[in-house]
Amino acid sequence: MTPQGRGNAIVVSVLLLLGMLLHCENVWAASYAVGDDNGWDFDVDAWPNGKTFRAGDVLVFNYGPGEHDVNSVNQQGYDTCTVSSGAKTYETGSDRIKLVKGKNYFICSFPAHCTNGMKIAINEL
């Protein structure tokens, strides 16, 4: 192999390694069932306590469709239990939501659900 050929092989190897590392985030991501066996239900607001979350982790919201929903809101929406226009709403009953870097807030928009603890705040590392 010529010196130029070895150099090309090294460059290709480094690029492949970098590509693999960029995709490893998905391998390291954890999946969490919100509320554990109880699912997305009332008084779930303390469920995140003691857990460590990272950007890319997936929260799975299990609930009966038509009984609840999941809304991704900002801190004001979380604090006031309101969904602003443009907020993402999930309604399948088995919603999988990937955490983003920073703070993640989720509430149920059905009347009195959020105010009865059907909301979670996640601060990822």
* To do: Tell me, please, whether a residue that is surrounded by fewer than 17 Cβ atoms within 10 Å (Cβ to Cβ) and under 16 Å from the mean Cα position of the chain (by Cα) can be found in the range 63-70.
  => no
* Filter the range 102-125 for residues that are part of a strand (DSSP E or B) and in contact with a helix residue (DSSP H, G or I) (Cβ under 7 Å, 6 or more places away or on another chain); which is most open to solvent (accessible area, probe 1.4 Å)? -> LYS103
* Total residues in the range 71-89, condition in a strand (DSSP E or B) and open to solvent by less than 70 Å² (accessible area, probe 1.4 Å) -> 4
* To do: Could you check LEU99 against (1) in contact (Cβ under 8 Å) with a residue 24 or more places away in the chain; (2) open to solvent by less than 40 Å² (accessible area, probe 1.4 Å); (3) touching a helix residue (DSSP H, G or I) at 6+ places or on another chain (Cβ under 9 Å); (4) of a type in the set (A, V, I, L, M, F, W, C) and say which number it fails?
  => (3)
* Quick check, is THR92 part of a loop (DSSP other than H, G, I, E, B) and open to solvent by 40 Å² or more (accessible area, probe 1.4 Å)? -> yes
* When the range 24-62 is examined, which residues are found to be outside any helix (DSSP H, G or I), over 21 Å from CYS114 (Cβ atoms) and open to solvent by less than 70 Å² (accessible area, probe 1.4 Å)? -> ALA29, ALA30, ALA55, GLY56, ASP57, VAL58
* Structure fact -> Pairs returned, first residue in the range 37-51 that is touching a residue at least 40 places away in the same chain (Cβ under 8 Å), second residue that is in a helix (DSSP H, G or I), beta-carbon separation under 6 angstrom, 6 or more apart or interchain, are PHE42/ASN116
* Pick out the one residue from SER109, SER85 that is at pLDDT below 95 and small (Gly, Ala, Ser). => SER85
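The values are calculated or read from the model by the stated rules, or taken from the named source; none is laboratory data. On a predicted model such as this, the values are computed, not experimentally measured, just so you know. Note that we place each Cβ from the backbone using ideal geometry, even for glycine, and neighbour counts take in every protein chain shown. These accessible areas exclude ligands, DNA and RNA; they are computed on the full protein's heavy atoms, side chains included. Shrake-Rupley method; radii C 1.70, N 1.55, O 1.52, S 1.80 Å.
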